[in-house]
Amino acid sequence: MSEKLSNEELSKLPFMNSNLDLEKRVEDLLGRLELKEKFKLSSGTKFFFTKPIKRLGIPHYKMTDGPHGIGPHSSGDSVCTYFPVGVCRAATWNPELSEKFGVAVAQEVRDIGYHMLLGPGVNIQRAPHCGRNFEYQTEDPYLNSKLAVHCVKGIQSQRIAACVKHYACNNQETNRLTCNSIVSERALQEIYLPAFKATACEADAWSYMTCYNKVNGVYGSEHKNLLKERLMEEWGFRGFVVSDWGATQHIKNTGPCVEAGLSLEMPTAIKYTYKNMRDALDEGKFTEEMLNENIRRLLRVMFLTGVFDDPSTIPPGSRNTSEHQAVARKIAEEGIVLLKNEDNFLPLDINSIKKIAVIGPNANKKMSRGGGSSQVKPPYEIKPIEGIQEKCKGKIEIVDTPSEADVVIYVSGLNHRPHKDSEGSDRKRFHLTTSLINRINQAIQENPKIIVVLISGSPIGMDWIDKVPAVIEAWYPGMEGGHAIASVLFGDVNPSGKLPITFPKKLEDSPAQIVQDLEVNYDDGIFVGYRYFDTNNIEPLFPFGHGLSYTTFTYENLNINKEKMSENDTIIVSVDITNTGKRAGAEVVQLYVQDVECSVDRPLKELKGFEKVKLEPGEKKSVSLELKKEDLSFFDEKSNTWKAENGIFNILIGSSSRDIRLEGKIEYVG
Ligand code: BGC
């Protein structure tokens, strides 16, 4: 092994010159690495770091969880902002907020001296009771892609690498280390891959994490088709692929992982031990050029994230600032979904209520420390009861007994214990436990003026719903959650969240179930979530895109700028939205496309555009959304290409997938 270079010698090497072209720096450093050092760089140490190459001044490359804030387990016990979870962020339908979250969380990564965030998690919420749905965003590939692209852009604007995970089809936790997701090419193309593709093509994501499971018989970390052929060659990804932690343990050989393009095995060498690497190389199982390419990718991201640059030239870090806490609160306020509000039961009038009971198992519970790798240790966490107490201080008395109160706020739902919303296991039941249901019913009996606030990361069966006037889905709303919940309950914030996932009435209605077998057949194909419910005319409890407001909006003047669309056209669909109520509010205008006649089965409608528009009382705004050929297309398995067939497409504009307010049409003439 060559001698360690002195700091002075190092500083004169071309790769240390930040004015030099990125690729030249990468090649210079790569060219200096000895084979043994390349092996060393291929696997991790200390659970979240790469191994340093001291001779060349390559430090530990440091990665930290997770998708809604920095985890203490991976960051040396750092105290960091606990942002609302992924599904809450998605419920905002606000890409700009997703980007702000990305910026804020990346600043925290920089502040603790790390380089990469293990997130966002973009697996599709296929089964309603998947344990990790709370970390993911949505059942819809379009919404998923838009939010993920902005999130990655936000993170990487700070020169922190995003690590988009878990690539691909890790849609259940049961047997996640060994199960085989059997998925059609069409479902991959239309449902499961779009957010991975969009983050590569539109946001230039610098890293991807493989899944634990197999996809069509091959483990994610050795999946040449998913990694090398699609991600790298087709989508132009220039960063590196890291295995999920321990995801290589059931893989037989080293060679296919290197060949597939797995640069880094975490958390330690399993397939990428010195001996395995040496033997596989000697036996011709991979070539040194393949290894070089994997290391080149890793080094490239080191340069992109400023590892070898003067720290004063890279964006500074910050942590637990009031700005970050404000972002957390904003996401919670915009992500909370008002599911039901009979006779405008909400918002509560602070001046006319004397006594409120705030009860239920989740009223006084912190949620930041649970859920597996996505836990966060915040400086504080406002629990629902605390937010409500603060709001009511000096105005409304908080009592414990429903019968004594004018109004009851009942906070229930799930938590992050195993078999609830938690990594490593899936929910066992769709409804709450009998004892929790009994407790809700008991409270209703004592006082039917009750608002149920749900804390959960996935849909819950609600047999009791007809007996309560109001229900709020607050997800896991982060460290400012209690404040956000109180703001919504008392009308300081007008709710504008919309469901990013269908809430079924019962689990059997769902097209996808958690499978105990090692073979997980994605028989639902492309009919995931509302694509299934709508096409099969099954009434959900709450549809995709649903969410009420304290004001009302009218939709009028649908205008489609052309009647016919040809191959390269962009169609502009515009519509006027007016706030016809007495409060300022925000509406998410949703555009769905319906292919009237097609040679293959297609969903009844598919989301292809949306915009969140803020309106003062009486205010009217025009919203314009664009449609291109790709928005009309499906993946044709016969020709193995995306295809739009000539004919009529209905354009549906609505306030949810089941509340379509205006309809128009275009003809596609390819
Ligand atoms: C999880 C990943 C996480 C990693 C590191 C794995 O168990 O699946 O999402 O980033 O651990 O903590």
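Taking all protein chains in place and a 1.4 Å probe, what share, in percent, of the accessible surface of the range 4-131 do carbon and sulfur account for? Please list the in-between numbers first.
Values: 2050 of 4040 Å².
Carbon-and-sulfur percentage of accessible area, whole number: 51.
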Rank-order 476-484, 410-418 by packing density, defined as the average count of other C-beta atoms within 10 Å over each peptide's residues, highest first. 476-484, 410-418
Pairing the Cα long axis of helix 434-446 with the longest principal axis of the chain, what angle in degrees results, from 0 to 90 and rounded to the nearest 10? 30
I want to make sure I understand the PRE zone here: with the label point 7 angstrom from the Cα of residue 428 toward its beta carbon, which residues in the range 111-149 have backbone N atoms less than 16 Å away? 129-131
Using protein chains only and a probe of 1.4 angstrom, how many square angstrom of residue 47 are accessible, to the nearest 10? 120
Got a sec? Charge dipole of the chain, +1 on Cβ for Lys and Arg, -1 for Asp and Glu; which of 322, 219, 192 is way out at the positive end? 322
Considering only protein heavy atoms, with the full assembly of protein chains and a 1.4 angstrom probe, order 542, 527 by accessible area, largest first. 527, 542
Per the Debye formula with a single identical scatterer at each Cα and no solvent contribution, what log10 I(q)/I(0) holds for the chain at q = 0.05, 0.06, 0.08, 0.09 Å⁻¹? -0.24, -0.34, -0.61, -0.76
A 1.4 Å probe over the protein heavy atoms gives the range 577-670 a carbon and sulfur accessible-area percentage of 44
In whole percent, the fraction of accessible protein surface over the range 236-332 that belongs to carbon or sulfur atoms, probe radius 1.4 Å, stands at 50
Compactness of the range 405-535, expressed as Rg and Dmax over alpha-carbon positions, Å: 16.5, 53
Per-residue ellipticity at 222 nm for the chain, helices alone: DSSP H runs ≥ 4 residues times -39500 (n - 2.57), over residue total, nearest 500 deg cm²/dmol? -7000 deg cm²/dmol
With the charge dipole of the chain built from beta-carbon charges (+1 for Lys and Arg, -1 for Asp and Glu) about the Cα centre, the Cα from 145, 376, 128 projecting farthest to the positive end belongs to 376
Compute the acute angle (0 to 90°) between the alpha-carbon long axis of helix 95-111 and the principal axis of greatest extent of the alpha-carbon atoms of the chain; round to the nearest 10°. 50
Hey, how many Å between the Cα centroid of the range 591-650 and the Cα centroid of the range 127-183? 23
Suppose all protein chains stay in the model; what accessible area per residue would a 1.4 Å probe give for the range 195-254, in Å²? 32
For the range 38-87 and the range 442-472, compute the distance between their C-alpha centroids and round to whole Å. 41
Built amide H within the under 5 Å cut-off of residue 58, gap 5+: 53
quick note, the chain, DSSP beta bridge pairs, % antiparallel (nearest 5) is 55
Given H placed on each backbone N at 1.01 Å, which residues far from residue 450 in sequence or on other chains put an amide H within less than 5 Å of it? 408, 470
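Antiparallel versus total DSSP beta bridges in the range 89-238: what percent is that, nearest 5? List each step's numbers first, then the result.
Values: 2 of 10 bridges.
Bridges in the range 89-238 that DSSP calls antiparallel: roughly 20 percent.
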Ignoring everything but the protein chains, give the 1.4 Å probe accessible area of residue 206 in square angstrom, nearest 10. 20
To the nearest 20 Debye, how big is the dipole of the range 12-166 about its Cα centre, given +1 on the beta carbon of each Lys and Arg and -1 on that of each Asp and Glu? 620
Run a plain Debye calculation on the range 68-201 (Cα atoms as equal point scatterers, no solvent) and give log10 I(q)/I(0) at q = 0.15 Å⁻¹, rounded to two decimals, same order as the q list. -0.69
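Thinking of the range 586-670 as a set of Cα atoms, what percent of all their pairs are more than 17 Å apart?
Values: 1812 of 3570 pairs.
For the range 586-670, the share of Cα pairs beyond 17 Å comes to 51 percent.
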Residue by residue through the range 583-590, what is 3J(HN,Hα) from phi via Karplus (6.51 cos²θ - 1.76 cosθ + 1.60, θ = phi - 60°)? Round to whole Hz and write x for glycine and proline. 10, 5, x, 10, 10, 9, 7, 10
Once phi is turned into ³J(HN,Hα) by the Karplus curve 6.51 cos²θ - 1.76 cosθ + 1.60 with θ = phi - 60°, what whole-Hz value does each residue of the range 335-344 show in order, with x for glycine and proline? x, 4, 10, 7, 7, 9, 7, 5, 6, 6
Any idea how far the Cα center of the range 276-352 sits from the one of the range 404-433, in Å? 27
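Keeping every protein chain present and rolling a 1.4 Å probe, give me the accessible area per residue for the range 356-439 in Å². Walk me through the numbers before you get to the answer.
On the way: 3680 Å² over 84 residues.
The answer is 44 Å² per residue.
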Ranked by accessible surface with a 1.4 Å probe, highest first, in what order do 235, 642, 93 come? 642, 235, 93
Output ³J(HN,Hα) for the range 155-166: one whole-Hz value per residue in order, computed from phi by the Karplus curve 6.51 cos²θ - 1.76 cosθ + 1.60 with θ = phi - 60°, and x for Gly and Pro. 4, 6, 5, 9, 6, 10, 7, 7, 10, 6, 9, 10
Work out the length of the dipole vector of the range 216-288 about its Cα centre, built from +1 on the beta-carbon of each Lys and Arg and -1 on the beta-carbon of each Asp and Glu, and round it to the nearest 20 debye. 120
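Heavy-atom accessible area per residue, the range 6-84, 1.4 Å probe: how many Å²?
On the way: 3150 Å² over 79 residues.
So the range 6-84 comes to 40 Å² accessible per residue, rounded to a whole number.
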Would you please put 336-345, 26-35, 451-460 in order of how densely packed they are, using the mean number of other Cβ atoms within 10 angstrom per residue and starting with the highest? 451-460, 336-345, 26-35
Please pull out the direction-averaged projected area of the range 43-101, using the convex hull of its alpha-carbon atoms, in nm² to one decimal place. 5.6
Amide proton proximity set for residue 661, modelled H, under 5 Å, gap of 5+: 653, 654, 655
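Only four residue types carry charge here, +1 at the Cβ of Lys and Arg and -1 at the Cβ of Asp and Glu. Report the dipole size of the chain about the Cα centre in Debye, rounded to the nearest 20.
Values: 82 positive and 90 negative charges, 346 e Å.
Its charge dipole is roughly 1660 debye.
Defining a contact as two alpha carbons under 8 Å apart and six or more residues distant in sequence, what relative contact order in percent does the range 618-668 show? List each step's numbers first, then the result.
Details: 52 pairs, mean separation 12.9, N = 51.
Once divided by the residue count of the range 618-668, the mean separation gives 25 percent.
The values are calculated or read from the model by the stated rules, or taken from the named source; none is laboratory data. For clarity, every value in this text was computed on a predicted model and none was experimentally measured. For neighbour counting, all protein chains shown are included, and Cβ atoms are generated from backbone atoms with ideal geometry for every residue, glycine included. In case anyone asks, the SASA skips ligands and DNA or RNA and just uses the protein heavy atoms, side chains included. Shrake-Rupley method; radii C 1.70, N 1.55, O 1.52, S 1.80 Å.
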